[in-house]
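Working notes, beginning with the structure itself.
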Amino acid sequence: MAKHTPAPWSVQQNATTDQILTIQADPISGTNKWRIATVSNTNGPIGQANARLIAAAPDMLAALLAAQERLEQQQSDGTTFEEVAATLGEIHAVIAQATAEG
């Protein structure tokens, strides 16, 4: 699997217009933020929701990969309700990050 720019990604208002949101990441080296994506026409809730969803992508992928690994392990060795609940809690947290009003 190809590597992507590591998290965290964040949503920033464009300095020149309120119609554009930029999804950016902390640099691996250097000081300038890395532009991941630009979402235009963001004066409504859909554009803002799209930007939040894009910014949450690396965290969602990490949570899904971790959940997949845990659930496969739990399936093979029998699990407790608490272990499943913990995995579901992590999934709920990353979904909230992607969908929360911001």
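The values are calculated or read from the model by the stated rules, or taken from the named source; none is laboratory data. Just so it is clear, the structure is predicted and the values come from calculations on it, not from any experiment. Virtual Cβ from ideal backbone geometry, glycine too; neighbours counted across all protein chains shown.
When you look at ALA15, is it of a type outside the set (S, T, N, Q) and modelled with pLDDT of 85 or more, yes or no? Answer is no for this residue. The residues on offer are ALA49, ALA85, and the sole one that is small (Gly, Ala, Ser), exposed (fewer than 14 other Cβ atoms within 10 Å of the Cβ) and either over 21 Å from TRP34 (Cβ atoms) or not assigned by TED's automatic domain parsing to the domain that holds HIS4 (or both) is ALA85.
A count restricted to the range 52-65 and to residues that are touching a helix residue (DSSP H, G or I) at 6+ places or on another chain (Cβ under 6 Å) and more than 18 Å from VAL11 (Cβ to Cβ) stands at 1. Given the condition farther than 18 Å from VAL11 by Cα and not acidic (Asp, Glu), answer yes or no: does some residue in the range 30-51 qualify? Yes - at least one qualifying residue is present in the range 30-51.
Kindly evaluate ALA67 against the criterion of being at pLDDT 80 or above, loosely packed, with under 11 Cβ neighbours inside 10 Å, outside the structural domain of TRP34 (by TED's automatic domain parsing) and hydrophobic (A, V, I, L, M, F, W, C). No, not satisfied.
Being surrounded by fewer than 10 Cβ atoms within 10 Å (Cβ to Cβ), more than 24 Å from LYS3 (Cα to Cα), out of contact with any Cys (no Cβ under 9 Å at 6 or more places or on another chain) and not β-branched (Val, Ile, Thr) holds for only one residue in GLN75, GLN13, and it is GLN75. Taking the listed residues THR38, THR22, THR80, the one that is out of contact with any Leu (no Cβ under 7 Å at 6 or more places or on another chain) and loosely packed, with under 14 Cβ neighbours inside 10 Å is THR80, with no other qualifying.
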